[in-house]
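The values are calculated or read from the model by the stated rules, or taken from the named source; none is laboratory data. Quick caveat, the model's predicted, so the values are computed rather than measured. For neighbour counting, all protein chains shown are included, and Cβ atoms are generated from backbone atoms with ideal geometry for every residue, glycine included. What goes into the accessible areas is simple: the full protein's heavy atoms, side chains included, and nothing from ligands, DNA or RNA. Shrake-Rupley method; radii C 1.70, N 1.55, O 1.52, S 1.80 Å.
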Number of protein chains: 2
Amino acid sequence: MTVAIIGTGITKFGELWDKNWEDLVFESSLDAVKNSNIEFEDINSCYVGNMNLSRFGGQDHIAPRITEILGINKVIRTEAACASSSIALKLAKDEIELSSLKGEEKIALVIGFEKMTDRVVGETTSILAGASHFDTEVINGATFPSLYALLAARYLHETGANEEDLHAVGIKNHKNAMLNEKAMFRKEINLEDFKINIASPLKLFDCSPISDGSASLVLTTEKYAKELGADYVKLEDIEIGTSSISLAKRKELLVLDSAKRASESVYKKLNLKPKDIDLIEVHDCFTINEILCLEAAGFAKKLEGYKIIRSLMPYENINKRDAPIPYLIDGKELFVNTSGGLKAKGHPVGATGAAQVVEVVNQLLGRCGKRNVNPEIGATLNIGGTGGTATFSVLSK
Amino acid sequence: MTVAIIGTGITKFGELWDKNWEDLVFESSLDAVKNSNIEFEDINSCYVGNMNLSRFGGQDHIAPRITEILGINKVIRTEAACASSSIALKLAKDEIELSSLKGEEKIALVIGFEKMTDRVVGETTSILAGASHFDTEVINGATFPSLYALLAARYLHETGANEEDLHAVGIKNHKNAMLNEKAMFRKEINLEDFKINIASPLKLFDCSPISDGSASLVLTTEKYAKELGADYVKLEDIEIGTSSISLAKRKELLVLDSAKRASESVYKKLNLKPKDIDLIEVHDCFTINEILCLEAAGFAKKLEGYKIIRSLMPYENINKRDAPIPYLIDGKELFVNTSGGLKAKGHPVGATGAAQVVEVVNQLLGRCGKRNVNPEIGATLNIGGTGGTATFSVLSK
């Protein structure tokens with residue numbers, strides 16, 4: 001039994017001050033429902049991923065608010081920081097599979113959203129810090145830029161990587177975002193733009209922005225997708241890993257072992273290897289994390305991910321192309337973050353996991369226009385916090 | 001394929017200032033694991049329900065903190081206000097079933113917890129209000145006592161019920177709590193104690209307390225439970241309903257239609273009737289809600305639930321018995337909230353759904369001492385907010 005994604009919806013990501021979170025949820029889910037050729041009343045259940053509407057907007061108990069907006073009478077909310085909506089996807093997939101094995105073909109809607117720009121930056125940073133270890137990290141003043149700066153500094157110390165390798169990730173992702181009309185930053189950047197220091201060695205353009213946005217997916221069985229006559233891709237598998245939340249307690253500081261565990265489990269189940277993947281959306285909340293994600297997903301050995309980045313060299317060529325820029329791994333192209341990634345597409349945290357899958361589905365279905373890279377097999381790697389949670393998914397035509 | 005609950009754990013509920021939330025989670029889950037005759041390393045996944053550690057304790061992204069405490073590498077957090085941990089139970093059941101249909105016998109741990117007493121009461125009330133409709137209720141100053149007072153006032157207006165009928169619920173539940181060593185309030189109360197007004201017509205003793213606590217459950221398949229030689233009960237079914245979160249948008253003000261939908265779905269699937277149930281734990285966050293729950297679960301017609309309460313009359317007899325007090329419905333005994341209910345056992349909101357199930361499991365297994373009422377079939381009805389979310393479960397020997 002195969003689960004199919006038959007619809008995707010995504011809002012523009014950015015500072016959307018003229019819209020509230022309900023507008024965003026409605027917009028992305030309506031898009032997803034429309035391009036699935038179904039109606040809202042055909043949906044049996046909804047899984048909604050959000051990190052913290054409680055502190056961003058005073059609202060806990062999000063599920064029944066979704067019921068009010070969309071009329072779906074079985075809504076479940078998940079939270080796993082920046083991995084909230086890919087957890088929602090995993091649970092929706094499980095429900096579709098279980099129902100199907102019991103003889104029912106069901107339709108589930110997955111929604112991710114976050115409305116983050118209505119607070120002053122300091123407040124937002126403080127809210128986001130809740131995804132790190134409160135009692136040992138937050139309480140000592142740590143923020144996500146500072147935690148990822150620590151990882152970046154240590155990575156540079158332990159490897160032959162340098163700051164330019166970090167920046168190249170940002171340059172590539174900004175370039176890709178130029179081709180994505182839903183992206184927040186559609187602006188080329190160059191090495192010389194990496195001047196403003198945020199938390200050494202991370203510069204402003206090594207950091208993803210504070211964003212608003214929502215992304216949605218419609219799931220059913222492949223069998224039912226065919227009956228509906230829907231265009232679809234197969235969600236081959238998605239797996240979850242959780243690990244230490246605090247960096248101090250992490251087994252190996254520079255290894256995302258939750259992501260490693262999740263991806264290894266998926267590779268094993270699907271009898272797949274990293275080199276079989278043509279395109280992946282990874283969690284570049286900070287440029288260093290694109291490198292750590294590539295290592296965790298098996299595209300490079302531990303502490304050697306930066307060498308993949310160097311396949312972009314000379315970096316100045318990046319902005320000369322009017323198409324996404326692949327990395328080259330043993331002569332094979334790997335497209336990473338064709339959407340622009342969190343860095344340039346934007347990072348409304350609860351929406352990010354679903355948005356990564358939206359990009360991969362649309363790439364597989366050839367719906368990305370100039371951005372399309374014609375993959376056969378795509379993947380996503382979504383991280384919560386500094387790696388406490390990870391999900392890894394594989395999708396195919 | 002039947003899902004079995006093979007272990008339960010629950011902390012004392014109350015003002016537990018000498019313990020932090022991690023202590024509570026560890027205590028209840030260790031108890032559950034111990035009485036399942038398994039080890040933590042036998043657990044495949046964990047579902048943790050919590051309403052708002054973010055605002056009570058600064059911590060989002062709870063799942064990987066559970067990984068740090070218990071060593072389980074697949075943890076998923078659910079949130080549905082006061083129904084958070086029964087959503088966790090539903091998802092755990094789905095995973096056990098799905099794995100089993102795919103040929104694997106898995107073990108899942110369900111944890112619910114909340115640590116609410118470390119804030120001043122006004123802050124706690126404000127945090128809890130996040131489970132109602134922020135933009136129309138919270139923003140106008142509504143709190144849960146005021147919202148339930150509105151329901152109670154309207155109920156008294158539309159029916160023949162009076163304030164004494166509300167108070168009788170509290171008297172019974174306090175009496176039951178006398179027999180539960182884990183309960184927060186083990187103190188008899190009488191009609192004359194209902195003097196302090198909170199939000200008319202609700203008096204202080206019509207309201208459940210602010211509490212700390214945690215409850216845990218261990219689930220596996222019945223087949224595997226037998227292999228393990230574990231004592232178990234069958235989780236026959238659990239279903240979720242969501243509905244309008246705002247009272248103003250509710251279809252019928254005095255009908256918990258999310259709960260009605262969830263219970264009707266379960267009754268239908270199990271070919272069961274309310275009269276088949278011997279014992280139920282219902283969501284008496286305020287005494288009026290025990291009555292609304294009894295109606296929603298089909299024990300009484302709409303607006304006639306208060307007549308069930310009157311089967312306790314004369315109320316002064318309640319405190320003369322040294323055993324739980326049943327309602328009488330058409331001559332049959334129905335035990336409701338033998339644990340003491342939210343009213344007297346306590347209501348650490350994220351723990352409540354799991355705690356209700358703990359009571360029913362222990363009653364079915366005859367582990368409740370003097371409190372035992374020897375049921376064959378038990379149920380739970382857990383409500384989030386004023387009814388935006390509901391879960392209904394049925395368990396049997």
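Does B:Leu328 meet the test of being modelled with pLDDT of 95 or more and buried (at least 21 other Cβ atoms within 10 Å of the Cβ)? So that I can check it myself, show each step before the final result.
Working: modelled with pLDDT of 95 or more: yes; buried (at least 21 other Cβ atoms within 10 Å of the Cβ): no.
Here the answer is no, as B:Leu328 does not meet what is asked.
What single numbered condition from (1) touching a Leu at 6+ places or on another chain (Cβ under 6 Å); (2) open to solvent by less than 40 Å² (accessible area, probe 1.4 Å); (3) among the charged types (D, E, K, R) fails to hold for A:Lys345?
(1)
Name the residue, out of A:Thr391, A:Thr386, that is part of a strand (DSSP E or B) and within 28 Å of B:Gly71 (Cα to Cα).
The conditions single out A:Thr391.
A quick yes/no check of all residues on (1) more than 26 Å from B:Ala262 (Cα to Cα); (2) β-branched (Val, Ile, Thr):
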| residue | (1), (2) |
| --- | --- |
| B:Val25 | yes, yes |
| B:Phe56 | yes, no |
| B:Gln59 | yes, no |
| B:Ile66 | yes, yes |
| B:Leu70 | yes, no |
| B:Leu91 | no, no |
| B:Thr117 | yes, yes |
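Collect the residues in the stretch A:362-397 that are of a type in the set (Val, Ile, Thr) and crowded, with 24+ Cβ neighbours inside 10 Å, keeping them in residue-number order.
Taking the stretch A:362-397 as the starting set, the residues that turn out to be of a type in the set (Val, Ile, Thr) are A:373, A:377, A:380, A:383, A:386, A:389, A:391, A:394.
Selection gives A:Thr380, A:Ile383, A:Thr386, A:Thr389, A:Thr391, A:Val394.
Of everything in the stretch B:64-75 that's more than 7 Å from chain A (Cβ to nearest Cβ) and open to solvent by less than 10 Å² (accessible area, probe 1.4 Å), which residue is farthest from A:Gly130 (Cα to Cα)?
The qualifying residue farthest from A:Gly130 (Cα to Cα) is B:Ile72.
Quick check on my filter: what residues within the stretch A:355-394 are away from chain B (no Cβ under 14 Å), closer than 20 Å to A:Thr78 by Cβ, touching a helix residue (DSSP H, G or I) at 6+ places or on another chain (Cβ under 7 Å) and of a type outside the set (Gly, Ala, Ser)?
Matches in the stretch A:355-394: A:Val357, A:Thr380, A:Leu381.
Go through the stretch A:181-238 and count every residue that is out of contact with any Cys (no Cβ under 7 Å at 6 or more places or on another chain) and in a loop (DSSP other than H, G, I, E, B). Reasoning before the result, please.
Narrowing the stretch A:181-238 to residues out of contact with any Cys (no Cβ under 7 Å at 6 or more places or on another chain): A:181-197, A:199-207, A:209-238.
Checking which are in a loop (DSSP other than H, G, I, E, B) leaves us with A:181-190, A:194-196, A:200-201, A:209-211, A:229-232.
The number of residues fulfilling the criteria is 22.
Table: residues versus (1) basic (Lys, Arg); (2) surrounded by fewer than 23 Cβ atoms within 10 Å (Cβ to Cβ); (3) farther than 23 Å from A:Lys226 by Cα; (4) within 13 Å of chain B (Cβ to nearest Cβ).
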site: A:Phe40; (1), (2), (3), (4): no, yes, no, no
site: A:Arg55; (1), (2), (3), (4): yes, yes, yes, yes
site: A:Ile62; (1), (2), (3), (4): no, no, yes, yes
site: A:Arg77; (1), (2), (3), (4): yes, no, yes, yes
site: A:Ser86; (1), (2), (3), (4): no, no, yes, yes
site: A:Leu91; (1), (2), (3), (4): no, no, no, yes
site: A:Gly122; (1), (2), (3), (4): no, yes, yes, no
site: A:Leu128; (1), (2), (3), (4): no, no, yes, yes
site: A:His133; (1), (2), (3), (4): no, no, yes, yes
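Look at the stretch A:39-93 and say how many of its residues are basic (Lys, Arg) and either part of a strand (DSSP E or B) or within 30 Å of A:Ser246 (Cα to Cα) (or both).
Just the residues of the stretch A:39-93 that are basic (Lys, Arg), to begin with: A:55, A:65, A:74, A:77, A:90, A:93.
Now drop any that are not either part of a strand (DSSP E or B) or within 30 Å of A:Ser246 (Cα to Cα) (or both), which leaves A:55, A:77, A:90, A:93.
The total comes to 4.
Could you list all residues from the stretch A:27-50 that are closer than 16 Å to B:Phe134 by Cβ and hydrophobic (A, V, I, L, M, F, W, C)?
Kept after step one, since they are closer than 16 Å to B:Phe134 by Cβ, are these residues of the stretch A:27-50: A:48, A:50.
Result: A:Val48, single match.
Quick one: which residue in A:Ser265, A:Ser258, A:Ser244 is at pLDDT 95 or above, within 14 Å of chain B (Cβ to nearest Cβ) and part of a loop (DSSP other than H, G, I, E, B)? Before the answer, list the steps.
Values: A:Ser265 fails: part of a loop (DSSP other than H, G, I, E, B); A:Ser258 fails: part of a loop (DSSP other than H, G, I, E, B).
Being at pLDDT 95 or above, within 14 Å of chain B (Cβ to nearest Cβ) and part of a loop (DSSP other than H, G, I, E, B) holds for just one of A:Ser265, A:Ser258, A:Ser244, which is A:Ser244.
Residue check, A:Ala81 against (1) within 11 Å of chain B (Cβ to nearest Cβ); (2) at negative phi, all met but one. Which one?
(2)
Mind listing just one residue for me: the one in the stretch B:216-242 that is of a type in the set (Ser, Thr, Tyr) and open to solvent by 10 Å² or more (accessible area, probe 1.4 Å) and, of those, farthest from B:Gln363 (Cα to Cα)?
Residue satisfying both the conditions and the ranking: B:Tyr224.
Would you check which residues across the stretch B:101-120 are under 24 Å from B:Ile240 (Cα atoms) and either part of a strand (DSSP E or B) or open to solvent by less than 20 Å² (accessible area, probe 1.4 Å) (or both) and list them?
B:Ile107, B:Ala108, B:Leu109, B:Val110, B:Ile111, B:Gly112, B:Phe113, B:Glu114, listed by residue number.
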